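First up is the structure itself, then whatever we jot down about it.
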Amino acid sequence: HASELVGSLLKSSRPSGLAQAIMEVGRVNKTLYLLNYIDDEEYRRRILTQLNRGEGRHAVARAICYGQRGEIRKRYREGQEDQLGALGLVTNAVVLWNTLYMQEALSHLRSAGEIPEDEHISRLSPLMYGHINMLGHYTFTLPENILKGELRPLNFNSNNELLP
């Protein structure tokens, strides 16, 4: 691997000429990246969007893993992997649930003649969780229509507006 090669070249107290050249190429690449980042506002926005998505996913995971303040407490690797796997599964279930119902809400709006703007749709995120009961009791007895693959009905307020 390239990282092992670079590591072996840098082991000595005085790097060889090849090691110094590799370090300089790395510095040039880093400088070019930073100059591009400074110069390109659209690129910075794309990076910020990705950072926000990552933070949103972490926020969902923290909300799900509330009992230990979001910390993985198992002392052994397999237990940590089990905890992380379960957390990932539940986080993905939340994202899937939200995605299905966002699609259903958009379909409802379109069928009612309201066409959401693409700009507004692009700001939607399946990483919300305030509407999900993270504590308490759960029932897994499902109505017949849900067992047949249908979705639960959308929530509306008294003005017939969609609720989250």
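Things to note:
- Student exercise, region 77-164 dipole from Lys, Arg, Asp, Glu Cβ charges, in Debye to nearest 20: 160
- Assuming charge only on the beta carbon of Lys and Arg (+1) and of Asp and Glu (-1), the dipole of the chain about its Cα centre is about 900 debye to the nearest 20.
- Rg over Rh [alpha-carbon atoms, Kirkwood Rh] for the chain: 1.14
- Helix 41-64 vs. the chain, principal-axis angle (Cα, 0 to 90°, nearest 10): 60
- Applied to region 31-40, the Karplus parametrisation 6.51 cos²θ - 1.76 cosθ + 1.60 on θ = phi - 60° returns per-residue 3J(HN,Hα) values of 5, 4, 4, 5, 5, 4, 4, 5, 7, 10 Hz, with x for Gly and Pro.
- Dipole-positive endmost among 37, 103, 155 within the chain (Cβ charges, Cα centre): 37
- Entry note, region 77-164: relative contact order of 26 percent, from Cα contacts under 8 Å with a spacing of 6+ residues.
Quick note: the coordinates plus some simple rules give every number you see, no bench work behind them. Everything numeric here is computed off the predicted structure, so don't read it as measured data. Please note: Cβ atoms are built from the backbone with ideal geometry, for glycine as well, and neighbour counts cover all protein chains shown.
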